[in-house]
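The next block holds one structure in the form of structure tokens; read it before the comments.
Quick note: the coordinates plus some simple rules give every number you see, no bench work behind them. All of these numbers come straight from a predicted model, not from anything done at the bench. Here Cβ is always computed from backbone atoms with ideal geometry, including for glycine, and neighbour counts include all displayed protein chains.
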Amino acid sequence: MKLDSKTLEQLRIAKGKNNLSIIALAQSIGTSRYTIGSIINGRTDGLSKQTINKIDAYLAKEK
């Protein structure tokens, strides 16, 4: 699965707003720093449903 552009933008905004490193963001979401780094930098083609659910849950908490 692929992360839609709106969700990706929200993730980038949350990272900047909270002044989080990729490592801290990954720990908050519950994924690896490599996965989050690839997502933030736009270098991933497919993500598991579980990873997308974790990102969605994190963003829901941030609102």
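Rounded to the nearest 20 debye, the dipole magnitude of the chain is 80 debye, with +1 charges on Lys and Arg beta carbons, -1 on Asp and Glu beta carbons, and the Cα centre as origin.
Based on the convex hull around the alpha carbon atoms, the chain presents an average projected area of 3.6 nm².
Applying 0.36 nm per residue to the separation of Q50 and K17 and subtracting their alpha-carbon distance, the gain on full extension is 9.4 nm. Residue-wise HN-Hα couplings along region 44-57, as the Karplus relation 6.51 cos²θ - 1.76 cosθ + 1.60 with θ = phi - 60° gives them from phi, are 10, 9, x, 10, 6, 4, 5, 5, 5, 5, 5, 5, 4, 5 Hz; Gly and Pro carry x. When we measure straight from the Cα of K2, which aspartates and glutamates land under 16 angstrom away, once same-chain ones fewer than 8 places off are left out? Here the aspartates and glutamates satisfying the reach criterion relative to K2 are D45, D56.
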